[in-house]
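K.L.:
The following block contains the structure, expressed as structure tokens.
The values are calculated or read from the model by the stated rules, or taken from the named source; none is laboratory data. Worth saying up front: this structure is predicted, and the values here are computed from it rather than measured. We place every Cβ from the backbone using ideal geometry, glycine too, and count neighbours over all the protein chains shown. Remember, those area values only see protein heavy atoms, side chains included, never the ligands or the DNA or RNA. Shrake-Rupley method; radii C 1.70, N 1.55, O 1.52, S 1.80 Å.
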Amino acid sequence: MEASCLELALEGERLCKAGDFKAGVAFFEAAVQVGTEDLKTLSAIYSQLGNAYFYLKEYARALDYHRHDLLLARTIGDRMGEAKASGNLGNTLKVLGRFDEAVVCCQRHLDIAQEQGDKVGEARALYNIGNVYHAKGKQLSWNAAQDPGHLPPDAREALRRASEFYDGRVAAQTDSVPRRNLSLVKELGDRAAQGRAYGNLGNTHYLLGSFVEATTFHKERLAIAKEFGDKAAERRAYSNLGNAHIFLGRFDVAAEYYK
């Protein structure tokens, strides 16, 4: 039975890696049914089930499994497992628009990563907190149906916070987190993560109406996208650069980026 549970879980993992999340879920669910006394294995199955349901956009079920994973990680005293489960919960709650709860979960991920000296986890948690604030600010700005830069105070504050967690150059002096996502991924030499941070910083500054800063960040994003041959990211960067130059009144430059 032990081997059967593990075999089912490994097949579920293989299918998910191949992009067949529905089939993967069926194998993971079967593994849970078979059961195991190895709580670390069960925690890993719950984590992957949560991720698979997330990719299938079944967010309520993803939330359930990530909660099971968090509870199990705490029960067995697995701090790194608790950090991972907290991060997964935060990302799922963000998609559901439950931003305040998401921040709490992502902050727990950050705290444990710092406690454990896990710089990769710390960088990921900082990025995820930035994403939660960015999503919150974007939703609030959409609700107001106003142009970039003309935002209600709560939307502006959320976007300012997003910028802090991505970059940190605008962070308050009293803030307890000394490093931010961008400086940390530079330290780690993770160019792909730098590209994502630059893109999100560009989008955040665009919504704040800081169009010159937005173009600076999107140019960095474009350069890294070209480095990796990432055509989708390159296309988004060109489009975002065009949008920012429209608001700067530089229509000829915008047209070139759109072309």
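K.L.:
Among 124, 98, which is the only one that is touching a Gly at 6+ places or on another chain (Cβ under 9 Å) and at pLDDT 95 or above?
P.N.:
Numbers: 98 fails: touching a Gly at 6+ places or on another chain (Cβ under 9 Å).
Only one candidate passes the filter, namely 124.
Condition check ((1) open to solvent by less than 40 Å² (accessible area, probe 1.4 Å); (2) assigned to a helix (DSSP H, G or I); (3) closer than 17 Å to residue 85 by Cα; (4) touching a residue at least 60 places away in the same chain (Cβ under 8 Å)) across all residues:
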{"residue": "6", "(1), (2), (3), (4)": "no, yes, no, no"}
{"residue": "9", "(1), (2), (3), (4)": "yes, yes, no, no"}
{"residue": "12", "(1), (2), (3), (4)": "yes, yes, no, no"}
{"residue": "16", "(1), (2), (3), (4)": "yes, yes, no, no"}
{"residue": "19", "(1), (2), (3), (4)": "no, no, no, no"}
{"residue": "26", "(1), (2), (3), (4)": "no, yes, no, no"}
{"residue": "30", "(1), (2), (3), (4)": "yes, yes, no, no"}
{"residue": "36", "(1), (2), (3), (4)": "yes, no, no, no"}
{"residue": "43", "(1), (2), (3), (4)": "yes, yes, yes, no"}
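K.L.:
Could you figure out which of (1) surrounded by 19 or more Cβ atoms within 10 Å (Cβ to Cβ); (2) charged (D, E, K, R); (3) under 23 Å from residue 130 (Cα atoms); (4) touching a Gly at 6+ places or on another chain (Cβ under 9 Å) isn't true of residue 69?
P.N.:
So the condition that residue 69 fails would be (3).
K.L.:
In addition: Quick check: is even one residue across segment 120-135 without any contact (Cβ under 8 Å) to a residue 24 or more places away in the chain and within 21 Å of residue 194 (Cα to Cα)?
P.N.:
No, there is no match, as no residue in segment 120-135 is without any contact (Cβ under 8 Å) to a residue 24 or more places away in the chain and within 21 Å of residue 194 (Cα to Cα).
K.L.:
Which count do you get for residues in segment 72-87 that are buried (at least 22 other Cβ atoms within 10 Å of the Cβ) and among the polar types (S, T, N, Q)?
P.N.:
1
K.L.:
Continuing with this model, one more query. So, of the residues in segment 45-59 that are of a type in the set (Phe, Trp, Tyr) and under 12 Å from residue 16 (Cβ atoms), which turns out to be most open to solvent (accessible area, probe 1.4 Å)?
P.N.:
Going through the qualifying residues, I end up with 55.
Here is a yes/no grid of residues against (1) surrounded by fewer than 23 Cβ atoms within 10 Å (Cβ to Cβ); (2) in a helix (DSSP H, G or I); (3) free of Cβ contacts under 8 Å to residues at least 60 places away in the same chain; (4) among the aliphatic types (A, V, I, L, M):
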| residue | (1), (2), (3), (4) |
| --- | --- |
| 182 | no, yes, yes, yes |
| 193 | yes, yes, no, yes |
| 200 | no, yes, no, no |
| 212 | yes, yes, yes, yes |
| 226 | yes, yes, yes, no |
| 234 | yes, yes, yes, no |
| 240 | yes, yes, yes, no |
| 252 | yes, yes, yes, no |
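K.L.:
Filter segment 97-120 down to the residues that are touching a Lys or Arg at 6+ places or on another chain (Cβ under 8 Å) and either open to solvent by 30 Å² or more (accessible area, probe 1.4 Å) or over 22 Å from residue 156 (Cβ atoms) (or both) and list them by number.
P.N.:
Selection gives 109, 112, 113, 115, 116.
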